[in-house]
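Participant: Sending over a structure as C-alpha coordinates; questions will come in a sec.
The values are calculated or read from the model by the stated rules, or taken from the named source; none is laboratory data. Bear in mind the structure is a predicted one, so any value in this text is a computation, not a measurement. A quick note on method: Cβ atoms are made from the backbone with ideal geometry, for glycine too, and the neighbour counts reach across all protein chains shown. Remember, those area values only see protein heavy atoms, side chains included, never the ligands or the DNA or RNA. Shrake-Rupley method; radii C 1.70, N 1.55, O 1.52, S 1.80 Å.
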Amino acid sequence: MKALNIIETGYRATLEEQDDPGVWLAYTLKAAGADVDVLLRGNAVNYAVKDQDAGGLQYGAWRQTQPPRLAENIASLTSKGMAVFIVSEDLQERGLGGVPLIESLTPVTRNGIARLLGNYDQVWHW
Amino acid sequence: MADKKTLTFALMDPPYENARSTTALRLINIAAKRGYDINVFAYEGSVFLAFAMQKPHPNAMHGRNVEEENHVLTKELVSSLMQEAMRNGGKIDWVNCGLCVDERGAVEAVEGVRRGSPADFLKMAASSDNTLVIGTRG
(Lines give C-alpha, C1' and ligand atoms only; values in the text may rest on other atoms or scores of the structure.)
Protein backbone atom coordinates (compact mmCIF):
# COMPACT_ATOMS: atom_id res chain seq x y z
CA MET A 1 0.00 0.00 0.00
CA LYS A 2 1.26 3.42 -0.96
CA ALA A 3 0.07 6.37 1.10
CA LEU A 4 0.32 10.14 0.81
CA ASN A 5 0.52 11.99 4.11
CA ILE A 6 -0.84 15.51 3.59
CA ILE A 7 0.19 18.00 6.23
CA GLU A 8 -1.75 21.25 6.19
CA THR A 9 -1.94 22.56 9.77
CA GLY A 10 1.40 24.22 10.38
CA TYR A 11 2.97 24.81 13.76
CA ARG A 12 0.34 22.97 15.71
CA ALA A 13 1.86 22.78 19.20
CA THR A 14 5.30 22.35 17.68
CA LEU A 15 6.99 24.23 20.52
CA GLU A 16 5.65 21.74 23.03
CA GLU A 17 6.06 18.69 20.82
CA GLN A 18 9.46 19.83 19.55
CA ASP A 19 8.42 18.63 16.10
CA ASP A 20 5.27 18.22 14.01
CA PRO A 21 3.32 15.05 14.78
CA GLY A 22 2.36 14.58 11.13
CA VAL A 23 5.98 14.77 10.04
CA TRP A 24 7.04 12.53 12.91
CA LEU A 25 4.41 9.95 11.98
CA ALA A 26 5.56 9.85 8.38
CA TYR A 27 9.17 9.40 9.46
CA THR A 28 8.26 6.66 11.92
CA LEU A 29 6.07 4.76 9.47
CA LYS A 30 8.76 4.94 6.81
CA ALA A 31 11.31 3.62 9.29
CA ALA A 32 8.93 0.72 9.94
CA GLY A 33 8.86 -0.11 6.23
CA ALA A 34 5.80 1.76 5.06
CA ASP A 35 5.62 3.32 1.60
CA VAL A 36 4.72 6.88 2.50
CA ASP A 37 5.27 10.24 0.86
CA VAL A 38 4.39 13.70 2.16
CA LEU A 39 2.60 16.70 0.70
CA LEU A 40 3.00 20.08 2.42
CA ARG A 41 0.19 22.50 1.77
CA GLY A 42 -1.44 25.48 3.46
CA ASN A 43 0.49 26.97 6.36
CA ALA A 44 2.62 23.83 6.60
CA VAL A 45 4.58 24.93 3.51
CA ASN A 46 6.51 27.17 5.91
CA TYR A 47 8.15 24.03 7.30
CA ALA A 48 10.39 24.02 4.23
CA VAL A 49 11.90 27.45 4.95
CA LYS A 50 15.58 27.08 5.81
CA ASP A 51 16.05 30.15 7.99
CA GLN A 52 13.67 29.56 10.85
CA ASP A 53 14.63 29.55 14.49
CA ALA A 54 12.21 28.65 17.26
CA GLY A 55 14.82 28.79 19.99
CA GLY A 56 14.61 30.84 23.15
CA LEU A 57 11.47 29.57 24.83
CA GLN A 58 11.72 30.08 28.58
CA TYR A 59 9.37 29.85 31.53
CA GLY A 60 10.95 31.09 34.73
CA ALA A 61 14.19 29.16 35.10
CA TRP A 62 13.10 26.49 32.63
CA ARG A 63 14.68 26.83 29.19
CA GLN A 64 13.94 24.79 26.10
CA THR A 65 17.12 23.09 24.94
CA GLN A 66 15.71 21.32 21.90
CA PRO A 67 13.38 23.66 20.02
CA PRO A 68 11.61 22.32 16.95
CA ARG A 69 13.77 22.25 13.82
CA LEU A 70 11.10 21.68 11.25
CA ALA A 71 13.15 22.28 8.11
CA GLU A 72 15.68 19.73 9.32
CA ASN A 73 12.88 17.29 10.05
CA ILE A 74 11.46 17.69 6.56
CA ALA A 75 14.93 17.19 5.12
CA SER A 76 15.22 13.99 7.12
CA LEU A 77 12.15 12.68 5.30
CA THR A 78 13.72 13.10 1.90
CA SER A 79 16.98 11.62 3.14
CA LYS A 80 14.99 8.53 4.10
CA GLY A 81 13.76 8.21 0.54
CA MET A 82 10.39 9.83 0.90
CA ALA A 83 9.13 12.23 -1.72
CA VAL A 84 8.06 15.52 -0.18
CA PHE A 85 5.76 17.55 -2.38
CA ILE A 86 4.98 21.21 -1.74
CA VAL A 87 2.18 23.29 -3.21
CA SER A 88 3.69 26.15 -5.23
CA GLU A 89 0.73 28.53 -4.94
CA ASP A 90 0.67 28.15 -1.16
CA LEU A 91 4.30 29.27 -1.07
CA GLN A 92 3.61 32.23 -3.35
CA GLU A 93 0.58 33.41 -1.39
CA ARG A 94 2.66 33.53 1.77
CA GLY A 95 5.50 35.48 0.19
CA LEU A 96 7.80 32.49 0.28
CA GLY A 97 8.42 32.29 -3.44
CA GLY A 98 11.96 33.65 -3.27
CA VAL A 99 12.85 32.41 0.19
CA PRO A 100 15.53 29.72 0.52
CA LEU A 101 13.90 26.35 1.04
CA ILE A 102 15.39 23.01 1.90
CA GLU A 103 16.47 20.99 -1.09
CA SER A 104 14.93 17.86 -2.57
CA LEU A 105 11.35 19.11 -2.46
CA THR A 106 9.07 18.42 -5.39
CA PRO A 107 6.86 21.41 -6.29
CA VAL A 108 3.31 20.65 -7.30
CA THR A 109 0.64 23.07 -8.48
CA ARG A 110 -2.88 23.00 -7.11
CA ASN A 111 -4.05 21.78 -10.49
CA GLY A 112 -1.61 18.92 -10.21
CA ILE A 113 -2.77 17.66 -6.83
CA ALA A 114 -5.60 15.51 -8.17
CA ARG A 115 -3.23 13.73 -10.52
CA LEU A 116 -0.78 13.25 -7.65
CA LEU A 117 -3.44 11.70 -5.42
CA GLY A 118 -4.11 9.16 -8.13
CA ASN A 119 -0.68 7.69 -7.54
CA TYR A 120 -1.57 6.56 -4.02
CA ASP A 121 -3.77 3.84 -2.56
CA GLN A 122 -4.61 5.95 0.47
CA VAL A 123 -4.47 9.65 1.30
CA TRP A 124 -4.16 10.80 4.90
CA HIS A 125 -4.97 14.46 5.35
CA TRP A 126 -3.89 15.96 8.67
CA MET B 1 5.14 46.81 45.05
CA ALA B 2 2.82 49.73 44.50
CA ASP B 3 1.61 48.59 41.12
CA LYS B 4 1.35 44.95 42.03
CA LYS B 5 -1.58 43.44 40.23
CA THR B 6 -3.67 40.35 40.57
CA LEU B 7 -4.53 38.64 37.32
CA THR B 8 -6.72 35.65 36.62
CA PHE B 9 -6.20 33.37 33.65
CA ALA B 10 -8.86 30.87 32.61
CA LEU B 11 -7.43 28.20 30.35
CA MET B 12 -9.24 25.54 28.39
CA ASP B 13 -6.90 23.83 25.92
CA PRO B 14 -4.93 20.68 26.68
CA PRO B 15 -1.18 20.57 26.21
CA TYR B 16 0.39 19.31 22.97
CA GLU B 17 -2.59 20.33 20.83
CA ASN B 18 -2.00 23.91 19.70
CA ALA B 19 -0.01 27.03 20.47
CA ARG B 20 -2.62 28.60 22.73
CA SER B 21 -1.41 26.75 25.80
CA THR B 22 2.17 27.75 24.98
CA THR B 23 1.10 31.38 24.66
CA ALA B 24 -0.96 31.26 27.84
CA LEU B 25 2.01 30.03 29.82
CA ARG B 26 4.21 32.71 28.25
CA LEU B 27 1.77 35.40 29.41
CA ILE B 28 1.73 33.89 32.88
CA ASN B 29 5.54 33.92 32.79
CA ILE B 30 5.53 37.67 32.16
CA ALA B 31 3.17 38.23 35.06
CA ALA B 32 5.30 36.00 37.28
CA LYS B 33 8.42 37.97 36.40
CA ARG B 34 6.62 41.15 37.45
CA GLY B 35 5.78 39.64 40.82
CA TYR B 36 2.05 39.71 40.25
CA ASP B 37 -0.36 37.50 42.12
CA ILE B 38 -1.71 35.11 39.54
CA ASN B 39 -4.76 32.93 39.57
CA VAL B 40 -5.19 30.15 37.06
CA PHE B 41 -8.43 28.32 36.58
CA ALA B 42 -7.67 25.27 34.47
CA TYR B 43 -10.85 24.18 32.83
CA GLU B 44 -11.62 21.17 30.58
CA GLY B 45 -8.53 19.82 28.81
CA SER B 46 -6.16 22.32 30.39
CA VAL B 47 -6.22 20.27 33.61
CA PHE B 48 -3.64 18.10 31.82
CA LEU B 49 -1.13 20.97 31.80
CA ALA B 50 -0.16 20.11 35.37
CA PHE B 51 -0.72 16.35 35.10
CA ALA B 52 1.95 14.70 37.25
CA MET B 53 2.12 11.48 35.24
CA GLN B 54 3.61 13.16 32.15
CA LYS B 55 6.81 11.44 31.07
CA PRO B 56 9.55 12.44 28.63
CA HIS B 57 10.42 10.27 25.67
CA PRO B 58 13.27 9.81 23.21
CA ASN B 59 12.82 10.86 19.60
CA ALA B 60 14.09 8.60 16.84
CA MET B 61 13.50 11.19 14.14
CA HIS B 62 15.82 13.57 15.97
CA GLY B 63 18.23 10.77 16.79
CA ARG B 64 18.20 11.73 20.45
CA ASN B 65 17.73 9.65 23.58
CA VAL B 66 15.37 10.71 26.33
CA GLU B 67 17.97 12.85 28.10
CA GLU B 68 19.16 14.56 24.94
CA GLU B 69 15.65 15.20 23.67
CA ASN B 70 14.69 16.90 26.94
CA HIS B 71 11.09 16.85 25.84
CA VAL B 72 8.78 19.60 27.03
CA LEU B 73 6.63 18.48 29.93
CA THR B 74 4.05 21.12 30.73
CA LYS B 75 3.90 19.98 34.35
CA GLU B 76 7.49 21.20 34.66
CA LEU B 77 6.55 24.52 33.08
CA VAL B 78 3.76 24.94 35.62
CA SER B 79 6.16 24.22 38.49
CA SER B 80 8.76 26.57 37.06
CA LEU B 81 6.19 29.34 36.75
CA MET B 82 5.14 28.86 40.37
CA GLN B 83 8.76 29.13 41.47
CA GLU B 84 9.30 32.20 39.29
CA ALA B 85 6.30 33.94 40.83
CA MET B 86 7.53 33.19 44.35
CA ARG B 87 11.05 34.34 43.48
CA ASN B 88 9.65 37.72 42.45
CA GLY B 89 7.35 38.19 45.42
CA GLY B 90 4.17 36.95 43.83
CA LYS B 91 2.31 33.68 43.80
CA ILE B 92 0.27 31.43 41.58
CA ASP B 93 -2.94 29.92 42.80
CA TRP B 94 -3.57 27.17 40.24
CA VAL B 95 -6.96 25.51 40.45
CA ASN B 96 -7.88 22.51 38.38
CA CYS B 97 -11.61 22.12 37.73
CA GLY B 98 -12.47 19.02 39.75
CA LEU B 99 -15.16 17.68 37.46
CA CYS B 100 -12.87 18.15 34.47
CA VAL B 101 -10.19 16.20 36.32
CA ASP B 102 -12.54 13.38 37.21
CA GLU B 103 -13.96 12.86 33.74
CA ARG B 104 -10.44 12.68 32.33
CA GLY B 105 -8.80 10.72 35.13
CA ALA B 106 -6.25 13.49 35.44
CA VAL B 107 -6.20 13.23 39.20
CA GLU B 108 -2.48 13.52 39.92
CA ALA B 109 -1.19 17.06 39.63
CA VAL B 110 2.14 18.63 40.47
CA GLU B 111 2.67 20.25 43.86
CA GLY B 112 0.93 23.56 44.29
CA VAL B 113 -2.06 22.71 42.14
CA ARG B 114 -5.33 22.35 43.95
CA ARG B 115 -8.72 20.98 43.05
CA GLY B 116 -11.60 23.40 42.77
CA SER B 117 -14.75 24.39 40.97
CA PRO B 118 -16.25 27.24 38.95
CA ALA B 119 -16.98 28.91 42.28
CA ASP B 120 -13.23 29.34 42.68
CA PHE B 121 -13.04 30.92 39.26
CA LEU B 122 -15.74 33.40 40.24
CA LYS B 123 -13.85 34.33 43.41
CA MET B 124 -10.63 34.66 41.49
CA ALA B 125 -12.15 36.91 38.86
CA ALA B 126 -13.93 39.07 41.42
CA SER B 127 -10.71 39.67 43.33
CA SER B 128 -8.55 40.38 40.27
CA ASP B 129 -7.62 43.51 38.37
CA ASN B 130 -8.55 41.66 35.25
CA THR B 131 -9.28 38.23 33.82
CA LEU B 132 -8.08 36.74 30.57
CA VAL B 133 -9.98 33.79 29.17
CA ILE B 134 -8.05 31.71 26.66
CA GLY B 135 -10.71 29.37 25.44
CA THR B 136 -10.69 26.56 22.94
CA ARG B 137 -11.34 27.64 19.37
CA GLY B 138 -12.32 25.46 16.49
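Participant: Identify all residues within the stretch B:119-138 that are touching a residue at least 24 places away in the same chain (Cβ under 8 Å), over 16 Å from the mean Cα position of the chain (by Cα) and open to solvent by less than 80 Å² (accessible area, probe 1.4 Å); write none if there are none.
Facilitator: B:A125, B:S127, B:S128, listed by residue number.
Participant: Can I ask one more? Checking the structure you have, find out if any residue of the stretch A:77-86 is within 11 Å of chain B (Cβ to nearest Cβ) and either within 16 Å of B:A19 (Cα to Cα) or crowded, with 22+ Cβ neighbours inside 10 Å (or both).
Facilitator: Looking through the stretch A:77-86, at least one residue is within 11 Å of chain B (Cβ to nearest Cβ) and either within 16 Å of B:A19 (Cα to Cα) or crowded, with 22+ Cβ neighbours inside 10 Å (or both).
Participant: In addition: Among residues belonging to the stretch B:60-100 that are open to solvent by 10 Å² or more (accessible area, probe 1.4 Å), in a strand (DSSP E or B) and more than 8 Å from every other protein chain (Cβ to nearest Cβ), point out the one that is farthest from A:V23 (Cα to Cα).
Facilitator: Residue satisfying both the conditions and the ranking: B:K91.
Participant: Mind telling me which of the residues A:G118, A:G56, A:G98 ends up being free of Cβ contacts under 8 Å to residues at least 12 places away in the same chain, within 14 Å of chain B (Cβ to nearest Cβ), more than 19 Å from B:M61 (Cα to Cα) and exposed (fewer than 13 other Cβ atoms within 10 Å of the Cβ)?
Facilitator: A:G56
Participant: Restricting to the stretch B:25-59, what's the tally of residues that are part of a loop (DSSP other than H, G, I, E, B) and touching a helix residue (DSSP H, G or I) at 6+ places or on another chain (Cβ under 8 Å)?
Facilitator: Residues in the stretch B:25-59 being part of a loop (DSSP other than H, G, I, E, B) and touching a helix residue (DSSP H, G or I) at 6+ places or on another chain (Cβ under 8 Å): 8 in total.
Participant: Assess whether A:E17 counts as being within 14 Å of chain B (Cβ to nearest Cβ), at pLDDT below 95 and either farther than 30 Å from B:A24 by Cα or out of contact with any Gly (no Cβ under 8 Å at 6 or more places or on another chain) (or both).
Facilitator: yes
Participant: Sort out which residues of the stretch B:1-38 are more than 14 Å from every other protein chain (Cβ to nearest Cβ), more than 25 Å from A:T9 (Cα to Cα) and open to solvent by 50 Å² or more (accessible area, probe 1.4 Å), and write them in order of number.
Facilitator: Within the stretch B:1-38, B:M1, B:A2, B:D3, B:K4, B:K5 meet the criteria.
Participant: So, A:L4, is that one part of a strand (DSSP E or B) and either more than 10 Å from the chain's Cα centre (by Cα) or over 12 Å from B:M61 (Cα atoms) (or both) or not?
Facilitator: When the stated conditions are applied, A:L4 passes them.
Participant: Take A:V123 and decide whether it is in contact (Cβ under 8 Å) with a residue 40 or more places away in the chain, outside any helix (DSSP H, G or I) and open to solvent by 60 Å² or more (accessible area, probe 1.4 Å).
Facilitator: yes
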